[in-house]
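Taking it in order: structure first as structure tokens, then the write-up.
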Amino acid sequence: MISRPFNRTDGVSGMLRPLADGVRALSKLANAVAMAANAVGTLIVLALIMVVNYDVVARGFFNAPFRGAVEVVQFTMVLIVFLQLPDVVRTDRLTRSDGFLTILQMTRPKLAGTLRRLINLASALFMVLVAYAIWPEFVEMYETRDYFGVPGVFTAPWWPLKLAIYLSAVLCTVLFLLKVLSPVRPVAPVRLGEENDKSGDTA
């Protein structure tokens, strides 16, 4: 019987495999939740459009505006932003300037990858601060049942909005940390006319 020599790297990879599987499972769950929140935000955008159009038509033709239209717009705008923010983080569409990293990627890919991880780590820490700051406000608004709007016209509680901001910050934190742990996949710069050139070559 031929015995296989012990390889230390095999032992290390065997120990890290469950961790990698856990990170992969967490990544799938976080991505699914982010996409679902983005879909809910899109539906809220459509509902907001319907409310605004109804208010315009009812105000102009029937002199009966939708009461609370301003409050609804203010509430839903913030809600939409934080519902769709995690999916923006997931797809690397967050507004930023990465020209330096794109140039650095061509000559020093390892350094560029390290800097990307540091940026994602700093972003995760920032989201932790947002979640830490908003949680006491959510608890206070939930206990006091504080509301905004005009009593007798339109009122809505504050706590659902605070909860949405908190959950969005937590999910963004998880997504940024997953980007730190996962392999760096740099996004290639998009140039104007690039698609037209490709279509002309295939024709």
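The values are calculated or read from the model by the stated rules, or taken from the named source; none is laboratory data. Quantities reported herein were computed from a predicted structural model and do not represent experimental measurements. Cβ placement follows ideal geometry from the backbone for every residue including glycine, while neighbour counts extend to all protein chains displayed. Please note that ligands, DNA and RNA were not included when accessible areas were found on the heavy atoms of the full protein model with its side chains. Shrake-Rupley method; radii C 1.70, N 1.55, O 1.52, S 1.80 Å.
Give the calculated FRET efficiency between Phe126 and Phe61 to the nearest 0.05, with a Förster radius of 45 Å applied to their Cβ-Cβ distance. Can you show the working numbers first?
Working: r = 47 Å, r/R0 = 1.05.
Here the calculated transfer efficiency is 0.40.
With each label point set 7 Å from Cα along the Cα-Cβ vector, what nm distance links Met106 and Val73?
Between Met106 and Val73, the simple spin-label model gives 4.6 nm.
Under a plain spin-label model, where a point goes 7 Å from the Cα along Cα-to-Cβ, how far apart in nm are Thr144 and Thr95?
3.1 nm
Along the charge dipole of segment 101-175, Cβ charges K/R +1 and D/E -1, which of Thr155, Ala169, Thr144 sits furthest on the positive end?
About the Cα centre, the residue reaching furthest to the positive side is Ala169.
Leaving ligands, DNA and RNA out of it, report the carbon-plus-sulfur percent of the accessible area of segment 37-189 at a 1.4 Å probe. It would help to have the intermediate numbers written out before the result.
Working: 6790 of 9800 Å².
Here carbon and sulfur together make up 69 percent of the probe-accessible area.
For a quick check of understanding: with a 1.4 angstrom probe and all protein chains in place, what accessible area in square angstrom does Leu43 have, to the nearest ten?
Here the residue's solvent-accessible area equals roughly 110 Å².
Could you sort Glu143, Glu137 by their accessible area in this structure, using a 1.4 Å probe and putting the largest first? Mind showing how you got there, number by number?
Numbers: Glu143 140, Glu137 70 Å².
Accessible-area ranking of Glu143, Glu137, largest first: Glu143, Glu137.
Tyr142 accessible area, nearest 10 Å², 1.4 Å probe?
Rounded to the nearest 10, the figure is 100 Å².
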